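See structure below.
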Amino acid sequence: MTYEERYEFWCASDLPEDALTELKAIAGDTEELKSRFGSDLQFGTAGMRGIMGMGSNRLNSYTVRRAAQGMAAWLSGTDLPKIAAIGYDSRHNSQLFAEVCAVALAEAGIHTWLYDRLAPTPMLSFAVRQLGCGCGIVISASHNAGAYNGIKCYGPDGCQMTDEPAAVVTAKIAEIPYFIPESKPFAAFMEEGLISYIGQDMWDKYYETVLAEAVEPEMIRSAGLNIVYTPLCGTGNEPVREVLGRLGVNITVVACQEQPDGDFKTCEYPNPETDAALNESYKVARETPCDLILGTDPDADRVAIAVPCGDGFRKLTGNELGCMLMDYILKARTARGDLPDGAEVVRSIVSSPLTDQIAASYGVEMKAVLTGFKYIGGEILALEEKGEENKFVFGFEESCGYLKGTYARDKDAVVASMLVCEMAAALKQEGKTILDALDALYETYGFYLSHVQSIELTGADAMEKAAAMMAGLRSSTPTTIGGAKVTVVNDYQVSSSRDLTTGKESVINLPKSNVLEMILDQQGSVIVRPSGTEPKVKFYYTAVGKTKEDAKALLDAMMAQMSK
C-alpha cells in the first residue's frame, strides 16, 4: 500500500469518533501523512517504540494490539509455558496499552499476569522468572520524551527478546489484519481468571531479593547519608524509596517530579544521562543537606548521580559511575574473601575500557558484549546453564544501566541506587567523597574520558540516511582521528577485526551487528552505530591520557574531526 492508501483504509475503518477526528485533521498534510502512514511501525529485538497517535507508523491501541497478537501467536507455537507477565510505566496510555496486550494474550488462551500498579522494567523481568512465564511485556518508552511510548518484549529467561524469536514475532504480526475486534473486554477475562493482577507479595519478594544484593549495608545507617532523589515523574518513586528507606538513607524527594506525569512538564527529556534531567534536583539540593543527588528514568532501569562540587554540582557519566560501582564491589568482596573463582564482570562494547583495567587488577575476567542489556543477560544465562551463575559479579552499560545479581536480566536502577548509596556512605565514613574516589581511579589507571554524540536524522527516509552514513564510514574509514593513528578497525556487521599495522584479519566472536569500531592503539577509540529504537546515529568517543588535560585535548580533537 502507498501512504495515501493506508490513510484511506484507516479512515474507512470502524474507529471511534475521536480517532476519526484526529485522522481527518491531517487530511492534505503530505508530510504528516507520510510520517504516519509511510510504513508500519517496526517490531525489532527491543519491541516497538514510537510517537503516540493514529496511524500505522504510530503507537496506538491498534498497533499495540497487533504486536501483542503477534507475541501470542509466537508463544502459542512454542513449547514454552503459556503464561505471560505485563508491566507498565507512568506514560500516557501505558495502563491502557498494558490491558490491550493482556486481552490479546488471553484471547489466545495465555494466562496473563498484570502488575496491579505502575512498576519498574526490572520488576517485570523479575516477575517473568518468578512466575515461570513464557514471555513478558513492558509498556514504556524508557527515557524518551512524553510524546513516545513503546513495547519491550521479554523471553522466558527475563531477558529482552533476542533476534530469532523477534523475527518470528515480526513475521506473525505481518500476517495479522488491523482492527480485529476484541472477543470480550478486559474485565471479562479478569472475571474468568485468564488475566490476574500481580499483587503485593511480588513487590515484597523483589525488595527482599534486591536488599540481599547489598555489599555492606550497615555502612548507610551509621554514615547518616543525605540524598536528594528524583524519580523523574516515573516508576522509581515507590521501590527506590522503599529500599533506601529500609537501609536508613535520609531522602529528600524532588516534589515537582515525585508523582507520575506522562507530560514530564518539569523535565522535557527525562533521560538521566543528560545534565538537564537533574535541573530541578539541583534547586532542591541547594536548600537541603545533600551528600548525593540520585535520579532514575521513568521506567527505573537507569540511574544517574551528581555530587556537590565547589559552588555547584558535578554529574558523573554512566561510564564513571559504572567504573566506581565495579571497583567498590570488587574491592569489598576481595577484602571479605568471597569473590568466586572465575568471577566475571560484563560491559557493553561501547562502555569504557577503563573497566578492563580495573577488572584485571582484581584478577577478574571482563567480557565485552554487544550494546543492549539482553547481551549481558545472555552471559548470565550461559553461566546459569552451567550452574555457575554465582560467578556473575556486575554488569553495566555506559547509558546508566547497571545490575548486580541474577534475579533479573535487565538493568535495574533500584539495586544500583542502593549500591550507590552504600558506596557513598562507605566513603563518607572514611572522610572521602565520590569525586575523591573517582580521581583515585584515574590516578591509578589513567584518565579515560568518554562522550556520546547523537546525530539525529529527520524525514521519512531517516533510516536510509543512517544506513548511508554507516556505509560512508565503512568505505572511507579515517586513518587518523584527532591526530591519533587508527590501528584496528572492528566491523561487527561482518564479524571482522582488521589490524591496520600488520594487515592481519581475525574473526569477532559476537553476533553480527551494525557497529563500526576504530581503535587508536592505547589512546582511545571511536565506535559508531545507528540507534535500534530512534532515527539517529551514535558516536561513542573514548580518549585516554596521562593527565585529564591530555585526555580532554584528544577528545576535543577527535570530536572536531568526526563532526565534519
Give me the percent of DSSP beta bridges within region 88-228 that run antiparallel, rounded to the nearest 5.
50 percent
Taking the Cα centre of region 410-480 as origin and charging only Cβ (+1 Lys, Arg; -1 Asp, Glu), how large is the dipole, in debye to the nearest 20?
160 debye
Whole-Å distance, taken between Cα centres, linking region 213-263 and region 265-324:
13 Å
Tell me which lysines have Cα within less than 23 Å of LYS485's Cα, excluding those fewer than 8 residues away on the same chain?
LYS504, LYS538, LYS546, LYS548, LYS552, LYS564
Report, to the nearest whole %, how much of the accessible area of region 36-159 belongs to carbon and sulfur atoms, 1.4 Å probe, protein only.
51 percent
In terms of Cα to Cα distance under 23 Å, which lysines are near enough to LYS24, apart from those fewer than 8 places away along the same chain?
LYS34
Once neighbouring chains are kept in place and the probe is 1.4 Å, which whole percent of the accessible area of region 217-294 is contributed by carbon and sulfur?
46 percent
Given a 1.4 angstrom probe, what's the average accessible area per residue across region 406-564, in square angstrom?
46 Å²
In a shell of Cβ-Cβ distance under 14 Å around GLU238, excluding GLU238 itself, what net charge do Lys and Arg (+1) and Asp and Glu (-1) give?
-3
Mean 1/r over distinct Cα pairs of region 110-171, inverted to a Kirkwood Rh in Å, yields 12.5 Å
Within the chain, percent of DSSP bridges classed antiparallel, to nearest 5:
65 percent
Could the peptides 16-25, 294-303, 415-424, 264-273 be put in order, highest first, of the mean number of other beta-carbon atoms found within 10 Å of their residues?
294-303, 415-424, 264-273, 16-25
Anchor LYS391: lysines whose Cα lies under 17 Å away (excluding residues fewer than 8 positions away in-chain)
LYS331, LYS367, LYS404
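Could you tell me what percent of the accessible area of region 516-557 is made up of carbon and sulfur, with a 1.4 Å probe and every protein chain present?
Accessible surface attributable to carbon and sulfur in region 516-557 totals 49 percent.
If you take the Cα Rg of region 61-173 and divide it by 2.2 N^0.38 Å, with N the number of residues, what do you get?
On the way: Rg = 12.6 Å, N = 113, 2.2 N^0.38 = 13.3 Å.
Compared with the compact-globule rule of thumb, region 61-173 sits at 0.95.
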Give the residue from VAL240, TYR448, ILE137 lying farthest towards the positive end of the charge dipole for the chain; charges sit on Cβ (+1 for Lys and Arg, -1 for Asp and Glu) and the dipole is referred to the Cα centre.
TYR448
Ranked by how many other beta carbons lie within 10 Å on average, peptides 434-445, 191-202 from highest:
434-445, 191-202
CD proxy, 222 nm, the chain: helix-only mean residue ellipticity via -39,500 (n - 2.57) per DSSP H run with n ≥ 4, per residue, nearest 500, stands at -12000 deg cm²/dmol
Candidates for Rg and Dmax of the Cα atoms in Å are (i) 24.4, 77; (ii) 23.7, 70; (iii) 63.3, 197, and the calculated one carries label (ii)
Compute the Cα gyration tensor for region 502-564, then decide on rounded, prolate or oblate, letting a ≥ b ≥ c be the square roots of its eigenvalues: rounded whenever a/c is under 1.5, prolate when a/b is larger than b/c in the other cases, and oblate in all that remain.
oblate
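In Å², and per residue, what accessible area does region 188-258 have when probed at 1.4 Å with the other protein chains present?
39 Å²
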For region 305-371, with every protein chain kept in place, what is the accessible area per residue (1.4 Å probe, Å²)?
35 Å²
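The values are calculated or read from the model by the stated rules, or taken from the named source; none is laboratory data. Everything numeric in this text was worked out from a predicted model, so none of it was measured. No Cβ is skipped: glycine too gets one built from the backbone with ideal geometry, and neighbour counts run over all protein chains shown. Side chains included, ligands, DNA and RNA excluded: accessible areas come from the protein's heavy atoms. Shrake-Rupley method; radii C 1.70, N 1.55, O 1.52, S 1.80 Å.
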